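Read the figures in this text as sums done on the coordinates, not as results from a lab. What you are looking at is a predicted structure, and each value in this text was computed from that prediction instead of being measured. Cβ placement follows ideal geometry from the backbone for every residue including glycine, while neighbour counts extend to all protein chains displayed.
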Amino acid sequence: MSDIETRIAKLEAELQLMHDRQAILECVLKNARGCDRHDSDLLSAAYHVDGHDEHGTAHINRGDEYAAWANYVHEQGSIQNMHHITNHICEIDGDLAHAESYVIGLFFNADGKTARLLAGRYVDKLERRDGRWAISLRRCTVEVGFVADAAVMNSSFFRDMGFLKGLRDDADISYQRPLSMESTPIGHRWPESAA
C-alpha cells in the first residue's frame, strides 16, 4: 500500500468513527426529544425492538414497550418535562458501542405548584444493525434529586410574558416546517394559570 493509500485509509477510518459517534449522539438526543414531545416514533426508533431500558428495577421495559411506558409516566407525573443531555462519551468497537450520557430531567409537577429535578446518567450499550445505531440496553442512574417551588409559573409576571410552552405531540412548533411567526398551534402558550 502506498503512502497516499495509507493516508486515505486512515482518513476514511477517522471519518467513519466521527460518523458513528454523531449517529450515536443523535440517537441519545432524539430519545430525549421523544420523551419531551411524547413522540412514540422517536422513542421507539432509539431502541432495538429486543433492547431493554432500566429505569430502576420496578421499570424494566423492552425497546418496543418503552415509548408507551415513558409517555404514561411523564403524563401522569408532570404538566411539562424536559430532558437535557450534557456530558456524552462513547467507545466504539465495530458494530458495538458503549456510551455514558449525563442527563438532567426537569419536571413541572402535575400539581402545578412544584417542580422536580432529577440528575443522573444513561449508560447505554448500542448496536449497529442494518446500518442503524440504536440502544440495545440502557441502564439509568439517579444521583441527585429535589423538589422545588414552581410558584413563578403561576405568577402574573410569568403569565403576562406570553411564553410558548412545549406541546406533547407533533403540533409542537419544533415540528413546524418552515418555522414561522404566523402559525402558533392552539395551547402552545401558557394559559393564565399554569395549574
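Looking at segment 46-62 only, could you name the residues that are assigned to a strand (DSSP E or B) and of a type outside the set (Val, Ile, Thr)?
Going through segment 46-62, the residues assigned to a strand (DSSP E or B) turn out to be 47-54, 60-62.
Of everything in segment 46-62, those that are assigned to a strand (DSSP E or B) and of a type outside the set (Val, Ile, Thr) turn out to be Tyr47, His48, Asp50, Gly51, His52, Asp53, Glu54, Asn61, Arg62.
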Only residues in segment 53-64 that are surrounded by 13 or more Cβ atoms within 10 Å (Cβ to Cβ) count as the first member; pair them with residues that are in a strand (DSSP E or B) and aliphatic (A, V, I, L, M), Cβ under 6 angstrom, at least 6 apart or cross-chain, and list the lot.
Glu54/Ile60; Gly63/Val49; Asp64/Val49
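Within segment 37-45, does at least one residue satisfy the condition of being outside any helix (DSSP H, G or I) and not β-branched (Val, Ile, Thr)?
Here is the first cut: in segment 37-45, the ones outside any helix (DSSP H, G or I) are 38-39.
From what is left, the residues that are not β-branched (Val, Ile, Thr) are 38-39.
Looking for residues that are outside any helix (DSSP H, G or I) and not β-branched (Val, Ile, Thr), one finds at least one in segment 37-45, hence yes.
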Note down all Cβ pairs under 6 Å where the first residue falls in segment 89-109 and is in contact (Cβ under 8 Å) with a residue 24 or more places away in the chain and under 20 Å from Ala119 (Cα atoms), the second is among the β-branched types (Val, Ile, Thr) and surrounded by fewer than 16 Cβ atoms within 10 Å (Cβ to Cβ), and they're at least six residues apart or on different chains.
Glu100/Ile89; Glu100/Val123
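Against the condition in contact with a Lys or Arg (Cβ under 7 Å, 6 or more places away or on another chain) and crowded, with 19+ Cβ neighbours inside 10 Å, how does Ala70 come out, does it pass?
No; evaluated as a whole, the condition is false for this residue.
Look through Asn31, Asn71, Asn81 and report the one residue that is part of a strand (DSSP E or B) and of a type in the set (S, T, N, Q). Lay out the reasoning, then the answer.
Details: Asn31 fails: part of a strand (DSSP E or B); Asn71 fails: part of a strand (DSSP E or B).
Criteria check complete, one pass: Asn81.
Going by what's in this entry, would Glu75 be described as touching a residue at least 24 places away in the same chain (Cβ under 8 Å), of a type outside the set (A, V, I, L, M) and within 29 Å of Phe158 (Cα to Cα)?
On the way: touching a residue at least 24 places away in the same chain (Cβ under 8 Å): yes; of a type outside the set (A, V, I, L, M): yes; within 29 Å of Phe158 (Cα to Cα): yes.
Yes.
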For segment 140-170 the number of residues that are over 19 Å from Leu106 (Cα atoms) and under 18 Å from the mean Cα position of the chain (by Cα) is 1
